[in-house]
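Computed from the coordinates by the stated procedures, all read-outs in this text should not be read as laboratory data. Remember, it's a predicted structure, so these values are computed and weren't measured experimentally. Virtual Cβ from ideal backbone geometry, glycine too; neighbours counted across all protein chains shown.
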Amino acid sequence: MKRNKCKKCGRLLFKGEAKTIEIKCPKCGYIQNIQGDKQRDSQKRVDFLKRIV
Ligand SMILES: [Zn+2]
């Protein structure tokens, strides 16, 4: 299972996959947006297609 940690302090926020989530760190209060792997992969594919066109 994927571990999602706070980008600022490294505290473990939750485990598992999330498509798009906004979460506030209970330790430092930093609000971060986390996007799942599927979304990032499709964005990579779009970038790749732009390069070969
Ligand atoms: Zn934090």
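According to a simple spin-label model (label point 7 Å from Cα along Cα-to-Cβ), what is the distance in nm between Gln35 and Lys19?
If labels sit at Lys19 and Gln35, their model points lie 1.4 nm apart.
For every other residue with a beta carbon closer than 14 angstrom to the beta carbon of Ile52, add +1 if it is Lys or Arg and -1 if Asp or Glu, then tell me the sum.
Here the charged neighbours net out to +3.
Need one number: nm distance between label points at Ile52 and Arg3, each 7 Å from Cα along Cα→Cβ, rounded to one decimal.
Placing both labels 7 Å along Cα→Cβ, they lie 3.7 nm apart.
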